[in-house]
Structure formats: structure tokens, C-alpha cells
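Below: one structure, written as C-alpha cells.
The values are calculated or read from the model by the stated rules, or taken from the named source; none is laboratory data. This structure is a prediction, so every number in the text was calculated from the model and none was measured. Every residue, glycine among them, receives a Cβ derived from its backbone with ideal geometry; neighbour counts consider all protein chains shown.
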Ligand code: SF4
């Protein structure tokens, strides 16, 4: 949860998660649908799926362990790296913090501290091998747990991104960036790149029974497996109403009347910026078919909170509930939670 996400933001999600899935067995046995619901709003949903895959893998290994004496947790780097979504730094962090084993770490905070310590002239991402060697050479093999914890704490509380407290830093005498007089010039950054921008037309389609149409995305990409309101990219020169009608035809094989605007939602992901133009629509004809999704469903608007949606869609649900005069739901509450990846304001 803490990958790409600040502790204060992740904490309420973690507490909810641990209350629902307090042990490896519970996570391994949970329905993926429920796991995604617990993750709803944190972004990068593949992390939740991989956590569950990892739990199932560990449990299967433990069940095949004939001795049945060992606990299911690996004690080697390879053992952790074999699990989906676990990289070298996460593996090193688990091995040192859980078992006090001498494995180095290299998360964002540590990269910043090390880049300053040696005044590295290149961005850390271009010098990973050297940074790993540095982290390993500094590690105290007698006290790896305390050392790595101290290194992370130094980055989080002293050697902070904007105003490092060099006067309180135990490494000040050895720090090349401090000696150079400008610690915040490090780590050297990559040249910024312009994020692509797209407008997405979204249809909230209602039928005569007052039900709303949702579809489940294919199991791939950042938001794979989540539910959403149908829609797609606006073509150059196309009116947004025409985009929505076309997408509904192409993706669900239905005809719908595109009505008034419900809400506009701006979203900035790490790799692109999106504007969702959401309109209320009336279903006219055609049985909805999942031509570009796993499945489609008509549901009552008050049931929408039972499905895991990306953050942008949670805000659409809140707007729909408000328009229909429905009470605030769990999805509305999710829309109000901070969404680290999904609701960064578009720059
Ligand atoms: S002296 Fe300053 S820049 Fe250098 S490691 Fe310490 S806090 Fe960071």
C-alpha cells in the first residue's frame, strides 16, 4: 500500500484491510471482488491482485512442505522475489524488518539520502546498480533491521525532499551534497515530460425500470477487473454526445439517447491526464453485450456501492445518487477518501 502512497493516506485503507483480512489464510480465501473493494480508491489495483496471488502461492507452498514445521514465510531473497509484485527493495525490507536478515533496501527515501550522501550527478533510476552497491556497503550486517529502519527514518524525517534538517543529521560530516552547499539539488531529476491529455465521454445509461448499466473491465492494465460506466475517447472534432452514443454502440451494442451532463471529472494518472465528460443517457434498444468488457449488468443505483469502481467512477456514483436524491452510500464515502493515484488534480 505504501508504494507510491503516503503513510497518512494508506493508513485507513490498511486498517480496513487488516480488519477484514487479518491473516494469510483469509487473504488467500477471499473473493477477488471483495479484495478489490477493500482496495478501492488506492489506485494501481494490480497490487491488490498480486497480494492475493502471493498469499495463495505462499499457502500452496506451505501445504506442500512435507515437514510441515516451517512457517510459510520465505527467508531468502529468491523466495520473496518469486512472488508477484515483490521487487528487490520490498524483499530486502521484509527480510530485514521481519527476520533481521542482512539485506539492503532501496526505496524512494533511501535513494534520496544516498543520492545526497555521494552527490550523485545522475538520476537514481539511471544508476541503480551503483545505488544498490552503496546501500549494501553501508548496511550494518550485525543489525540490519535497525540499520534499514534508521535509514528509512532518516529519509522520512531528516533528509526530507524540500527542507532537509542537515543540522540534525548524523551523516552531515560525510555528506557530499551538504558540503556542496545545496542538498536539494539532489537527487538529480529526469527532464519533465508533458503528459498526454484525453477527453473521455461516459454514459450513465438508465432503463425504464430505473436500473443503471455498468461493465467490468478486462483483467489487464492499471484498472483491470474493476467496474465502470461505459464510455471511451473523444475523436477529434466529435461532439461529446456523439462520442458517448458511438462508444455505447461499439462496446455494448446498444442505442441510447444522450441527455444532460451529470458531472465533469478531471483525473491525473502518472502517465496521462483525463477529463471524463459524463452524461445521463436513456436506453432505447439492443440487449447490452460485453464486446470490450468481461461482463455487463443492469443494477439498481443504490447497489453501485457493492462493486469495486475506480475513483473517478466513485465520484460519478456520488453525483448520480445526489441527482436521484438517494442517501450517501459506501461508494460515496469512498469518493470522499483521498485517492493517491487517481485523484491528483490535473496539472
Ligand atoms: S547532511 Fe543533509 S543532505 Fe546530507 S544526508 Fe544529512 S540531511 Fe541529507
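Summary of computed values
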quantity: Failed criterion for residue 284 (all others in (1) over 19 Å from the mean Cα position of the chain (by Cα); (2) surrounded by fewer than 16 Cβ atoms within 10 Å (Cβ to Cβ); (3) under 30 Å from residue 192 (Cβ atoms) hold); calculated: (3)
quantity: Index of the failed condition, residue 211 passing every other in (1) crowded, with 16+ Cβ neighbours inside 10 Å; (2) within 28 Å of the chain's Cα centre (by Cα); (3) in contact (Cβ under 8 Å) with a residue 24 or more places away in the chain; (4) more than 16 Å from the ligand (Cβ to nearest atom); calculated: (2)
quantity: Scan of segment 113-128 for residues that are within 16 Å of the ligand (Cβ to nearest atom) and either surrounded by 19 or more Cβ atoms within 10 Å (Cβ to Cβ) or assigned to a helix (DSSP H, G or I) (or both), ordered by number; calculated: 113, 114, 115, 116, 117, 120, 124
quantity: Of all residues making up segment 115-139, the number that are without any contact (Cβ under 8 Å) to a residue 24 or more places away in the chain and touching a helix residue (DSSP H, G or I) at 6+ places or on another chain (Cβ under 7 Å); calculated: 1
quantity: Residue check, residue 220 surrounded by fewer than 16 Cβ atoms within 10 Å (Cβ to Cβ), in the same structural domain as residue 113 (by TED's automatic domain parsing) and more than 14 Å from the ligand (Cβ to nearest atom); calculated: no
quantity: Set 151, 106: member being surrounded by 13 or more Cβ atoms within 10 Å (Cβ to Cβ) and either in contact with a strand residue (DSSP E or B) (Cβ under 9 Å, 6 or more places away or on another chain) or not in a loop (DSSP other than H, G, I, E, B) (or both); calculated: 151
quantity: Positions within segment 133-148 being in a helix (DSSP H, G or I) and over 20 Å from residue 186 (Cα atoms), in sequence order; calculated: 136, 137, 144, 145, 146, 147, 148
quantity: Top-ranked residue in segment 156-200 [being closer than 30 Å to residue 237 by Cβ and in contact (Cβ under 8 Å) with a residue 60 or more places away in the chain; ranked as surrounded by the fewest Cβ atoms within 10 Å (Cβ to Cβ)]; calculated: 196
quantity: Residue that is over 30 Å from residue 310 (Cβ atoms), modelled with pLDDT of 95 or more and more than 16 Å from the ligand (Cβ to nearest atom), where the choices are 103, 131; calculated: 103
quantity: Positions within segment 153-198 being away from the ligand (no atom under 11 Å from the Cβ) and farther than 23 Å from residue 125 by Cα, in sequence order; calculated: 197, 198
quantity: Flag for residue 327 being assigned by TED's automatic domain parsing to the domain that holds residue 235, in a loop (DSSP other than H, G, I, E, B), at pLDDT 90 or above and farther than 15 Å from residue 204 by Cβ; calculated: no
quantity: Residue check, residue 235 loosely packed, with under 15 Cβ neighbours inside 10 Å, touching a helix residue (DSSP H, G or I) at 6+ places or on another chain (Cβ under 8 Å) and modelled with pLDDT of 95 or more; calculated: no
quantity: Listing of strands (runs of 3 or more DSSP E) fully contained in segment 219-310 that carry 2 or more residues being touching a residue at least 24 places away in the same chain (Cβ under 8 Å) and out of contact with any strand residue (DSSP E or B) (no Cβ under 9 Å at 6 or more places or on another chain); calculated: none
quantity: Segment 18-56, residues that are under 23 Å from residue 317 (Cα atoms) and outside any loop (DSSP other than H, G, I, E, B); calculated: 32, 33, 34, 35, 36, 37, 38, 39, 46, 48
